[in-house]
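Structure record follows, encoded as structure tokens.
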Amino acid sequence: MALEKNKLIDKIEIVGEFKHIQVRYQTIITEDGEQISKSLWRDSFAPNTPITDLPAELQPYATTAWTDDIISAYEKHIEDQQIIQNI
């Protein structure tokens, strides 16, 4: 009876005005080669995330989507939201 657990990236999406990267992962557990369990979970990354902190598979997407203009616009958006909350 051999159990195996595999985690893989199932879907990558770049969404919204600020090009957030959304990732869907699958965790699959097999027993003797037969799938006995599968679960899905998501994570997302904003353009102010250091590219080196991303999983290696996502870094090319971030490098392409997160231009200097996108990063600057996102940082300004965050600053504007903090100003609004402090009013």
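Please treat every number below as a calculation from the coordinates, not as lab data. Bear in mind that the values here come from a model prediction, so they are computed numbers and not experimental data. No Cβ is skipped: glycine too gets one built from the backbone with ideal geometry, and neighbour counts run over all protein chains shown.
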Problem - Top-ranked residue in region 29-65 [being in contact with an Asp or Glu (Cβ under 8 Å, 6 or more places away or on another chain) and β-branched (V, I, T); ranked as nearest to M1 (Cα to Cα)] - result: T30
Handout entry: Single condition D32 does not satisfy, out of (1) touching a residue at least 12 places away in the same chain (Cβ under 8 Å); (2) under 13 Å from the mean Cα position of the chain (by Cα)
Key = (2)
Fill in the blank from the handout: Cβ pairs under 9 Å, 6+ apart or interchain, first in region 46-72 and part of a helix (DSSP H, G or I), second surrounded by fewer than 11 Cβ atoms within 10 Å (Cβ to Cβ), ordered by first then second residue, are Q59/T52; I70/E17
Problem - region 57-72, subset surrounded by fewer than 14 Cβ atoms within 10 Å (Cβ to Cβ) and over 13 Å from the mean Cα position of the chain (by Cα), residue farthest from E17 (Cα to Cα) - result: T63
Practice task
Under 8 Å between Cβ atoms, at least 6 apart or on separate chains: pull out the pairs that start in region 1-23 with a residue that is without any contact (Cβ under 8 Å) to a residue 40 or more places away in the chain and farther than 13 Å from Y61 by Cα and end on any residue that is of a type outside the set (A, V, I, L, M, F, W, C) and part of a loop (DSSP other than H, G, I, E, B).
Solution key: M1/D32; A2/D32
Exercise for the section: Within region 12-37, track down each residue that is of a type in the set (D, E, K, R) and surrounded by fewer than 11 Cβ atoms within 10 Å (Cβ to Cβ). Expected result: E17, D32, E34
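What about D32, is it among the acidic types (D, E) and more than 23 Å from H77 (Cα to Cα)?
So D32 fits the description; yes.
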Completion exercise
Inside region 10-29, the number of residues satisfying the requirement of being assigned to a strand (DSSP E or B) and over 10 Å from the mean Cα position of the chain (by Cα) is 6
